[in-house]
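**Student:** I'd like to ask some things about the structure below.
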Amino acid sequence: MCSINRSKSWLFWGIVLSLIIITISCAEKKPFVWGSAETGYILSYRPKVGDVFVYKRTMEGSGTYERMGQTFESTSSRKFMFQLETEKVQDTLNTFILTVDTIGFFIESVRGKQEMDYGDIKGKRVRVTIIPKGEKR
């Protein structure tokens, strides 16, 4: 009976020691290959052929200016929407087809409402090559 208890005792302490070693080694501060909150994260595109990414952005602003003693106010709005369709995926380069869906620039001031016409850009397609980290080539 005594030898069975000693075996179990050694097994128990062996497991405890192993857990302590694993905990200490995991607690070491090693930098992550993808970055950290302090240094910034390193993100990368990992698309599959046929994936479509849609980007939408709206920027609005207002301003006040003075001319010859009078104060004028204006507001502006910019809207962009484009999509990237994954055409080709490689280890070092990803190729996308960029299509402009919406682009607009609107200003409202004392002169009234004005809209920039980007009709010749809408619907255009451009091939864009980007490395996985996001830098355009």
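**Student:** If I filter the stretch 116-134 for residues that are assigned to a loop (DSSP other than H, G, I, E, B), more than 30 Å from residue 46 (Cα to Cα) and of a type in the set (D, E, K, R), do I get at least one hit? First the steps, then the outcome.
**Tutor:** Going through the stretch 116-134, the residues assigned to a loop (DSSP other than H, G, I, E, B) turn out to be 117-124, 131-134.
Keeping just the survivors that are more than 30 Å from residue 46 (Cα to Cα) gives 117-120.
Those left that are additionally of a type in the set (D, E, K, R): 117, 120.
Yes - at least one qualifying residue is present in the stretch 116-134.
**Student:** So, one more: Please go through the stretch 77-95 and pick out each residue that is within 18 Å of the chain's Cα centre (by Cα) and in contact (Cβ under 8 Å) with a residue 40 or more places away in the chain. If you could, list the steps in order and put the result at the bottom.
**Tutor:** Step one: of the stretch 77-95, the residues within 18 Å of the chain's Cα centre (by Cα) are 80-86, 93-95.
If the condition is that a residue be within 18 Å of the chain's Cα centre (by Cα) and in contact (Cβ under 8 Å) with a residue 40 or more places away in the chain, then 84, 93, 94 are the ones that fit.
**Student:** Among the listed residues 98, 93, which satisfies the condition of being assigned by TED's automatic domain parsing to the domain that holds residue 60 and out of contact with any Phe, Trp or Tyr (no Cβ under 9 Å at 6 or more places or on another chain)? Full working, then the answer.
**Tutor:** Values: 98 fails: out of contact with any Phe, Trp or Tyr (no Cβ under 9 Å at 6 or more places or on another chain).
Exactly one residue qualifies, and that residue is 93.
**Student:** Turning to a different aspect of this structure: State all residues of the stretch 42-52 that are modelled with pLDDT under 90 and surrounded by 10 or more Cβ atoms within 10 Å (Cβ to Cβ); if no residue qualifies, say none.
**Tutor:** 42, 43, 44, 45, 47
**Student:** Here is a check on your reading of the model: is residue 73 in the same structural domain as residue 109 (by TED's automatic domain parsing) and surrounded by 12 or more Cβ atoms within 10 Å (Cβ to Cβ)? Before you say what the answer is, go through the steps one by one.
**Tutor:** Numbers: in the same structural domain as residue 109 (by TED's automatic domain parsing): yes; surrounded by 12 or more Cβ atoms within 10 Å (Cβ to Cβ): no.
No, not satisfied.
**Student:** When you go through 86, 99, 71 one by one, which is the residue that is at pLDDT below 90 and touching a strand residue (DSSP E or B) at 6+ places or on another chain (Cβ under 7 Å)?
**Tutor:** From the options 86, 99, 71, the qualifying one is 71.
**Student:** Here's a check for you: in the stretch 1-40, which residue that is surrounded by fewer than 10 Cβ atoms within 10 Å (Cβ to Cβ), modelled with pLDDT of 70 or more and not hydrophobic (A, V, I, L, M, F, W, C) is nearest to residue 95 (Cα to Cα)?
**Tutor:** 40
**Student:** How about the stretch 47-76: which of its residues are aromatic (Phe, Trp, Tyr) and under 32 Å from the mean Cα position of the chain (by Cα)?
**Tutor:** 53, 55
**Student:** Do you know which residues across the stretch 103-120 are exposed (fewer than 13 other Cβ atoms within 10 Å of the Cβ) and among the polar types (S, T, N, Q)? Spell out the reasoning first.
**Tutor:** So the first thing to find is which residues in the stretch 103-120 are exposed (fewer than 13 other Cβ atoms within 10 Å of the Cβ), and the list is 110-117, 119-120.
If the condition is that a residue be exposed (fewer than 13 other Cβ atoms within 10 Å of the Cβ) and among the polar types (S, T, N, Q), then 114 is the only one that fits.
**Student:** A further question follows. All but one of (1) in a strand (DSSP E or B); (2) under 30 Å from residue 133 (Cβ atoms); (3) out of contact with any strand residue (DSSP E or B) (no Cβ under 6 Å at 6 or more places or on another chain); (4) of a type in the set (D, E, K, R) hold for residue 66, so report the exception by its number.
**Tutor:** So the condition that residue 66 fails would be (2).
**Student:** In the stretch 76-94, what residues are outside any loop (DSSP other than H, G, I, E, B) and loosely packed, with under 14 Cβ neighbours inside 10 Å? Can you show your working first?
**Tutor:** Going through the stretch 76-94, the residues outside any loop (DSSP other than H, G, I, E, B) turn out to be 76-89, 94.
Answer for the stretch 76-94, where residues must be outside any loop (DSSP other than H, G, I, E, B) and loosely packed, with under 14 Cβ neighbours inside 10 Å: just 88.
The values are calculated or read from the model by the stated rules, or taken from the named source; none is laboratory data. For clarity, every value in this text was computed on a predicted model and none was experimentally measured. Glycine also receives a Cβ, built like all others from the backbone with ideal geometry; neighbour counts cover every protein chain displayed.
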